[in-house]
1. Quick check on HIS146: is it open to solvent by 40 Å² or more (accessible area, probe 1.4 Å), within 22 Å of GLU26 (Cα to Cα) and free of Cβ contacts under 8 Å to residues at least 60 places away in the same chain?
2. Scan segment 93-103 and tell me whether some residue there is in contact (Cβ under 8 Å) with a residue 24 or more places away in the chain, over 19 Å from ASP154 (Cβ atoms) and not hydrophobic (A, V, I, L, M, F, W, C).
3. Where residues in segment 57-82 are more than 13 Å from THR34 (Cα to Cα), out of contact with any helix residue (DSSP H, G or I) (no Cβ under 9 Å at 6 or more places or on another chain) and surrounded by fewer than 16 Cβ atoms within 10 Å (Cβ to Cβ), which of them is modelled with the lowest pLDDT?
4. Mind checking which pairs have a first residue in segment 18-34 that is under 16 Å from SER132 (Cα atoms) and a second that is open to solvent by 30 Å² or more (accessible area, probe 1.4 Å) and in a helix (DSSP H, G or I), Cβ under 7 Å, 6 or more apart or different chains?
5. Does any residue of segment 89-105 turn out to be modelled with pLDDT under 95, within 25 Å of ALA57 (Cα to Cα), assigned to a loop (DSSP other than H, G, I, E, B) and within 15 Å of the chain's Cα centre (by Cα)?
6. Would you mind stating whether GLN153 is at pLDDT below 90, surrounded by fewer than 20 Cβ atoms within 10 Å (Cβ to Cβ), closer than 29 Å to SER18 by Cβ and of a type outside the set (Lys, Arg)?
7. If I ask for residues that are over 19 Å from ARG107 (Cα atoms), touching a residue at least 40 places away in the same chain (Cβ under 8 Å) and in contact with a helix residue (DSSP H, G or I) (Cβ under 7 Å, 6 or more places away or on another chain), which ones from segment 39-56 would you list?
8. List pairs: first residue in segment 109-135 and farther than 12 Å from ILE93 by Cβ, second residue of a type in the set (Gly, Ala, Ser) and open to solvent by 40 Å² or more (accessible area, probe 1.4 Å) anywhere in the structure, Cβ distance under 9 angstrom, at least six positions apart or on different chains.
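The values are calculated or read from the model by the stated rules, or taken from the named source; none is laboratory data. These numbers come from a predicted model, not from an experiment. Here the Cβ positions follow ideal geometry from the backbone for every residue, glycine too, while neighbour counts run over all protein chains shown. These area figures cover heavy atoms from the full protein model, side chains too; ligands, DNA and RNA do not enter into them. Shrake-Rupley method; radii C 1.70, N 1.55, O 1.52, S 1.80 Å.
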Amino acid sequence: VLGHASRAFVETSLDLRSTLATVASEVGTVLGSTIIVSLVETDGRIHTAAVHHPVPAARELLQAIGQASPTQLGEGFTGTVVRTGQSLFIPSIDPAVVREGVAPAYRTFLERHPIYAAIATPLRTRGRIIGSIGATRNHPGETYTHADLQLLQD
């Protein structure tokens, strides 16, 4: 899996957004998940850089929400992972509880596209956290294993 992903990354352009879109797509396909890659920008907030969702319309909506509503450090899954530098492993989630705990911009999206499990890990370069990559399961009964989290970390 990592070999295939490495080839796909090498074949992309040097444009960061294009490369991150390829990363999200490859990881999303391998894990059968929604993927969000986020980066800490100069304003100190965490901005969505790339999204993969199995449903194209949902992908576009999630990308638009992410670009319009950056995350604060410590807020939600993404902000917590970036703030703490620790990976997140939630093998089972009550979708109603998640909807109540997210920023208002995401609530309508999660009503139509609930999540049932989540994993996330910080993105690091030269020892510094620059963002995160997170994955969510979109169907009841789907979960993650520690092997899935290890793949995401790798």
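1. Numbers: open to solvent by 40 Å² or more (accessible area, probe 1.4 Å): yes; within 22 Å of GLU26 (Cα to Cα): yes; free of Cβ contacts under 8 Å to residues at least 60 places away in the same chain: yes.
Considered against the rule, which asks whether it is open to solvent by 40 Å² or more (accessible area, probe 1.4 Å), within 22 Å of GLU26 (Cα to Cα) and free of Cβ contacts under 8 Å to residues at least 60 places away in the same chain, HIS146 comes out as yes.
2. Residues of segment 93-103 that are in contact (Cβ under 8 Å) with a residue 24 or more places away in the chain, as a first pass: 93, 101-103.
Still in the list and also over 19 Å from ASP154 (Cβ atoms): 93, 101-103.
Now restrict to residues that are not hydrophobic (A, V, I, L, M, F, W, C): 101.
Yes: one or more hits.
3. Checking each candidate, the answer is GLN67.
4. Hits for this filter: THR19/PHE9; THR22/PHE9; VAL23/PHE9.
5. yes
6. Values: at pLDDT below 90: no; surrounded by fewer than 20 Cβ atoms within 10 Å (Cβ to Cβ): yes; closer than 29 Å to SER18 by Cβ: yes; of a type outside the set (Lys, Arg): yes.
Against the criterion (at pLDDT below 90, surrounded by fewer than 20 Cβ atoms within 10 Å (Cβ to Cβ), closer than 29 Å to SER18 by Cβ and of a type outside the set (Lys, Arg)), GLN153 does not qualify.
7. Those that are over 19 Å from ARG107 (Cα atoms), touching a residue at least 40 places away in the same chain (Cβ under 8 Å) and in contact with a helix residue (DSSP H, G or I) (Cβ under 7 Å, 6 or more places away or on another chain): VAL40, ALA49.
8. ALA120/SER87; THR121/SER87; PRO122/SER87
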